[in-house]
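The structure appears right after this line, and notes come after that.
The values are calculated or read from the model by the stated rules, or taken from the named source; none is laboratory data. Given the structure is predicted, the values throughout are model-derived calculations rather than measurements. Cβ sites come from the backbone with ideal geometry, for glycine too, and all protein chains shown count toward neighbours.
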């Protein structure tokens, strides 16, 4: 079986990024004995090929860098893409609302699969561009009977519900995977993390990793930490992430207003190889996000045995069993967050139980190797 994954984002694919989902899936499919390659967007006037090594004993992934146009975040590839498609048995694209999918349905005579992540969310309605796009797209293209034959892999249960409302019949929720090879580093060489570890004896660390932006609800996080810190000033909040200057300034002004400067530890970024050590020296992970297609940081925190407290979002709806391997809370009920977080931090037995259950969830279901099995099961049905 030969599989071609078409990355529909009209941006250059950075192959050394730890979370290129197409490469994570392609790598695992290759390890399982299938040929799997990737098409990515190239804004220049040329199409070229790169080979990506995935490990000893495996043939490299071929990355076809196909030139094309970006129109309103729709990726339109050079027609050479159809010559590439003819070399493969299965074609898989991304996001149901990409106009390129309409062309593919018309021109290819083999199964088309779509891997979809976005879903409806009240917060995200403030960004009307996506919703206006889907309304127009649905009006003109969703009645195409060929769409009803497409198998859509959804990244989350929320995405599955979103697709069902659009009358898709063949939907399978598979989630998103984590590439464990990216975390096989034995020695921490980061002085900042070493300092955190040395200072931890009398402190508990609560961690947030993500962009500093309204969507991630960082202002709520600071207000929440103020209440937690009032009850126990040995608790420290570690924030890792960058964002636009205006919102960052707003966050730091609030930290100063609440006299939390000595208890909030901020880092703009860490290298990927340092993150495992950061996760491992913390006690709890908080992600009070308003909207998340999936949230790789949830996967990472759970894999490194951190109890996760978050909102209902793509990732949490799919992988968290509330109260068993993490917690999903209403972001409007701050006192409930305080109660749950203090309970976890003060009960070692509970914290360890949640942490192990979280780790087990990822190992058994949400590595790319496990996710690849779900794809293969469906591919075989149509071969």
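With respect to the conditions (1) over 22 Å from the mean Cα position of the chain (by Cα); (2) surrounded by 13 or more Cβ atoms within 10 Å (Cβ to Cβ); (3) under 15 Å from residue 281 (Cα atoms), residue 258 falls short on a single one, namely (3).
Within the stretch 276-289, being assigned to a strand (DSSP E or B) and over 17 Å from residue 200 (Cβ atoms) holds for 286, 287.
Does at least one position in the stretch 243-253 carry a residue that is at pLDDT 95 or above, in a loop (DSSP other than H, G, I, E, B), in the same structural domain as residue 193 (by TED's automatic domain parsing) and under 24 Å from the mean Cα position of the chain (by Cα)? Within the stretch 243-253, one or more residues are at pLDDT 95 or above, in a loop (DSSP other than H, G, I, E, B), in the same structural domain as residue 193 (by TED's automatic domain parsing) and under 24 Å from the mean Cα position of the chain (by Cα).
Residues that are at pLDDT below 90 and more than 26 Å from residue 313 (Cα to Cα): does the stretch 113-131 have at least one? Scanning the stretch 113-131 turns up no residue that is at pLDDT below 90 and more than 26 Å from residue 313 (Cα to Cα). Of all residues in the stretch 99-108, those being outside any loop (DSSP other than H, G, I, E, B) and farther than 23 Å from residue 134 by Cα number 0. Of all the criteria given as (1) in a helix (DSSP H, G or I); (2) within 19 Å of the chain's Cα centre (by Cα), the one not satisfied by residue 355 is (2). How many of the residues in the stretch 1-26 are at pLDDT below 95 and either more than 19 Å from residue 179 (Cβ to Cβ) or over 14 Å from the mean Cα position of the chain (by Cα) (or both)? Looking only at that region, the number is 10.
When you look at residue 148, is it at pLDDT 85 or above and more than 22 Å from the chain's Cα centre (by Cα), yes or no? No: the conditions fail for residue 148. Filtered by the rule that a residue be assigned to a loop (DSSP other than H, G, I, E, B) and either within 16 Å of residue 91 (Cα to Cα) or touching a helix residue (DSSP H, G or I) at 6+ places or on another chain (Cβ under 6 Å) (or both), the stretch 33-57 gives 34, 47, 54.
Here's the yes/no breakdown for (1) assigned to a strand (DSSP E or B); (2) in contact with a helix residue (DSSP H, G or I) (Cβ under 6 Å, 6 or more places away or on another chain):
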site: 59; (1), (2): no, no
site: 84; (1), (2): no, no
site: 88; (1), (2): no, no
site: 97; (1), (2): no, yes
site: 114; (1), (2): yes, no
site: 120; (1), (2): no, yes
site: 131; (1), (2): no, no
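Being under 23 Å from residue 360 (Cα atoms) and outside any helix (DSSP H, G or I) is true for just one of 273, 292, 262, 300. Which residue is that? Within the list 273, 292, 262, 300, the selection yields 292.
Taking the criterion of being surrounded by fewer than 21 Cβ atoms within 10 Å (Cβ to Cβ) and in a helix (DSSP H, G or I), would at least one residue in the stretch 313-327 satisfy it? Yes, the stretch 313-327 contains a residue that is surrounded by fewer than 21 Cβ atoms within 10 Å (Cβ to Cβ) and in a helix (DSSP H, G or I).
Per-residue answers, yes or no, for (1) within 22 Å of residue 216 (Cα to Cα); (2) crowded, with 22+ Cβ neighbours inside 10 Å; (3) modelled with pLDDT under 95:
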| site | (1), (2), (3) |
| --- | --- |
| 306 | yes, yes, no |
| 332 | yes, no, yes |
| 349 | no, no, no |
| 354 | no, yes, no |
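The set of residues in the stretch 358-375 being in contact with a strand residue (DSSP E or B) (Cβ under 8 Å, 6 or more places away or on another chain), in a helix (DSSP H, G or I) and farther than 16 Å from residue 283 by Cβ consists of 362, 368, 374, 375.
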